[in-house]
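Enquirer: Sharing a structure with you now.
The values are calculated or read from the model by the stated rules, or taken from the named source; none is laboratory data. All figures in this text were calculated on a predicted structure; none of them were measured in a lab. FYI the Cβ positions are ideal-geometry reconstructions off the backbone, even for glycines, and counts take in every protein chain you see. All accessible areas refer to the heavy atoms of the entire protein, side chains included, with ligands and DNA or RNA removed. Shrake-Rupley method; radii C 1.70, N 1.55, O 1.52, S 1.80 Å.
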Amino acid sequence: MVETAYALYLVITLAITIWVARTLSKNGEVFLTQCFGHDAQLARSTNHLLVVGFYLVNIGFITLTLSLGKEPASYAETIRFLSAKIGLAVLVLGGMHFFNMGAIAHFGRKVNGWLHDGHTQAA
C-alpha cells in the first residue's frame with residue numbers, strides 16, 4: 001500500500017506539473033511578447049527558460065516532499081496522505097505561478113523602458 005501511495009503521488013503531481021507547465025508556456029508567450037515590446041524571439045527564449053526553471057523547482061519539491069509525513073497504513077490514511085501531499089504541491093505550483101507573473105511583469109516593464117530609451121536615442 002505504501003509503494004502504491006508513493007507511486008500515485010509521483011504520477012499525479014508530475015502529471016499536474018507537466019500540464020501546468022505546458023498550459024503556462026502555450027498561453028504565456030503572448031503575455032511575454034507584450035511585456036517585451038513585441039520582441040517574439042526574446043519572449044520565446046524567456047518562456048523556455050521559465051519552463052525549465054519551473055520543472056526543476058517543482059520536480060525537486062515533489063521528490064523532496066516524498067519523504068515527509070507518516071507513511072499510510074490504511075486506505076483512509078492513503079487518501080489523507082495523497083490529498084495532503086498533492087494539495088501542497090498544487091499550492092506551490094500556484095504560488096510559483098503568481099511569483100513568476102509578478103516578476104515577468106516587473107521585468108517586462110524594465111525591458112520596455114530599455115527598448116523605448118533605445119528607440120529615442122537612435123532617432
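Enquirer: Note down the nm distance, to one decimal, between modelled labels 7 Å out along Cα→Cβ at Ile12 and at Arg80.
Expert: With each label placed 7 Å out from Cα toward Cβ, I get 1.5 nm.
Enquirer: So for the pair His38, Phe107, with labels modelled 7 Å out along Cα→Cβ, what separation do we get in nm?
Expert: 2.3
Enquirer: Ignoring ligands, DNA and RNA, what percent of the accessible area of the chain is carbon or sulfur (1.4 Å)? Intermediate results must be reported in sequence, preceding the final value.
Expert: Numbers: 5590 of 7940 Å².
Heavy-atom surface of the chain belonging to carbon and sulfur, 1.4 Å probe: 70 percent.
Enquirer: Would any residue of the stretch 60-103 have its amide N under 17 Å from a label point 7 Å out along Cα→Cβ of Val2? List them or say none.
Expert: Only 65-82 pass the distance filter.
Enquirer: Now for a different question. Please calculate how many Å² of accessible area the chain carries per residue, with a 1.4 Å probe and no DNA, RNA or ligand atoms counted. List each step's numbers first, then the result.
Expert: Details: 7940 Å² over 123 residues.
Ligands and nucleic acids excluded, the figure is 65 Å² per residue.
Enquirer: Taking the chain as a Gaussian network, where each spring joins two C-alpha atoms under 10 Å apart, which residue of Leu66, Leu93, Leu14 fluctuates the most?
Expert: Leu66
Enquirer: Mind jotting down the distance between the C-alpha centroids of the stretch 67-109 and the stretch 26-57, whole Å?
Expert: Between the Cα centre of the stretch 26-57 and that of the stretch 67-109, the gap is 23 Å.
Enquirer: From the Cα trace of the chain, what convex hull volume per residue do you get, rounded to a whole Å³? Each step should come with its number before you reach the end.
Expert: Numbers: hull volume 10.6 nm³, N = 123.
Looking at the chain, the number lands at 86 Å³ per residue.
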